[in-house]
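Single-structure report; data block below.
Nothing in this text is a laboratory measurement; each read-out follows from the coordinates by a stated rule. Just so we're clear, the structure is a prediction, and the values are computed from it rather than from any experiment. Cβ coordinates were reconstructed from backbone atoms using ideal geometry, including for glycine residues, and neighbour counts include every protein chain displayed.
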Amino acid sequence: MKEQDNKNLEIKTPKRQQMTSGAILEIPINNEYYTYAQILYKSQCAFFDFKSLSPIKDITILADLPVLFITNIYKEVVTKGVWQKVGKLPIRDEFKNPPMQYIYHDYSGKFECYNPMTGEIFPIEKEQAVGLERAAVWDAHHIVDRIYDYYNGTPCKWLKQHYELFKEES
C-alpha cells in the first residue's frame, strides 16, 4: 500500500481543548442541525435557543439570543473535543452569577437549593424549586436528546422525574 493510501486510512481524533469561560461550543444534533452553548463558570453552560442547518460563521449572532437552559456538563465533553469550541464571546451580565439549582432527595421527598458559585446547600420548599434547573452534570448525548426533544415538541426522557415532580405547578 502506498504512503498516500495510508493517510486516507488515518482515524481523526477530536482536538483536545480546555474549559474556557466565554467559549462558544458548536453542538451537532443528530446530523440534522447545529446548536450552540457558552461555557459560563467551570462546567456550567448556557444553551442558546437557536439552531442552524449549517455551522454559523459569525458567532456574534448568539450574543443576545434567549437561552433554553443553563446546566452543567462533564468537562470531557469539551476537553476531549466531543463539542468543538468555535470562538469566544463576553459572558452576559445576567449569566455572571449562575442561577440556583435544586436538589431532590427521593428517599425523603425533601428539596434543597444549591448555589453553584459557593457550593452552599440549604433546605427549601418544593414551591421554591419551581423554575429551577435540577443540580446535575449532563453528558453530551443527554444534552443532544434534550435539545432534539425540545425542538420536536416532545418530553425529554431524561427530565421525566422533573416533569413528574412539578406537573401540578406548571
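Could you work out the relative contact order of segment 3-95, using alpha carbon pairs under 8 angstrom and six or more residues apart, expressed as a whole percent?
Averaging sequence separation for qualifying contacts and normalising by length gives 34 percent for segment 3-95.
What do the square roots of 5 times the Cα gyration tensor eigenvalues come to for segment 46-152, in whole Å, largest first, as semi-axes of the equivalent ellipsoid?
Semi-axis lengths for segment 46-152 are 28, 16, 14 Å.
Please compute the length gained on full extension between Leu53 and Val137, using 0.36 nm multiplied by the number of residues separating them and subtracting their Cα-Cα distance. It would help to have the intermediate numbers written out before the result.
Numbers: separation 84, 0.36 × 84 = 30.24 nm, distance 2.74 nm.
Extending this stretch completely gives an extra 27.5 nm.
Please report the antiparallel percentage of DSSP beta bridges with both residues in the chain, rounded to the nearest 5.
90 percent
How large is ³J(HN,Hα) for each residue in segment 105-122, as worked out from phi by the Karplus curve 6.51 cos²θ - 1.76 cosθ + 1.60 (θ = phi - 60°), to whole Hz, x for Gly and Pro?
For segment 105-122, the Karplus-derived couplings read 9, 4, 5, 10, x, 8, 10, 9, 9, 10, 9, x, 7, 10, x, 5, 10, 8 Hz, x marking Gly and Pro.
Please list, in order along segment 131-136, the HN-Hα scalar couplings obtained from phi with the Karplus expression 6.51 cos²θ - 1.76 cosθ + 1.60 (θ = phi - 60°), rounded to whole Hz, x for Gly and Pro.
Ordered by residue, 3J(HN,Hα) equals x, 8, 7, 6, 5, 7 Hz.
Sticking to Cα atoms, compute the Rg of segment 91-156 to one decimal and its Dmax as the biggest Cα-Cα distance, whole number, in Å.
Values for segment 91-156 (Cα only, Rg and Dmax): 14.0, 38 Å.
Using the Cα centre of segment 23-127 as origin and beta-carbon charges of +1 (Lys, Arg) and -1 (Asp, Glu), tell me which of Phe95, Tyr34, Asn72 is placed farthest towards the positive end of the dipole.
Of the listed residues, the answer is Tyr34.
Helix-only estimate, please: 222 nm mean residue ellipticity of the chain, summing -39500 (n - 2.57) across DSSP H runs of length 4 or more and dividing by its residues, to the nearest 500.
Taken over the chain, the calculation gives -5000 deg cm²/dmol.
Most exposed first by the Cβ proxy, i.e. fewest other Cβ within 10 Å, how do Ser43, Ser21 rank?
On the way: Ser43 18, Ser21 14.
With the sparsest Cβ surroundings first, the list reads Ser21, Ser43.
Would you list, by chain and number, the lysines whose Cα falls below 24 Å from the Cα of Lys42, excluding same-chain residues fewer than 8 positions away?
The reachable lysines, counting only those whose Cα sits under 24 Å from Lys42, are Lys15, Lys75, Lys80, Lys85, Lys88, Lys96.
Hey, can you grab everything whose amide H is under 5 Å from the amide H of Glu133? Only 5+ residues off in sequence or another chain; H modelled, so Pro and N-termini drop out.
Amide H neighbours of Glu133, under 5 Å, 5+ apart: Tyr102.
Taking neighbour counts of Cβ atoms within 10 Å as a proxy for exposure, in what order, fewest first, do Glu112, Glu94 appear?
The fewest-first ordering by Cβ neighbours comes to Glu94, Glu112.
Out of Thr35, Thr154, Thr60, any idea which swings most in a Gaussian network model of the chain, alpha carbons joined below 10 Å?
Thr154
Which percent of Cα-Cα pairs in segment 3-95 sits in each 10 Å bin, short to long?
Pairs per bin, as whole percents: 16, 47, 25, 9, 4, 0.
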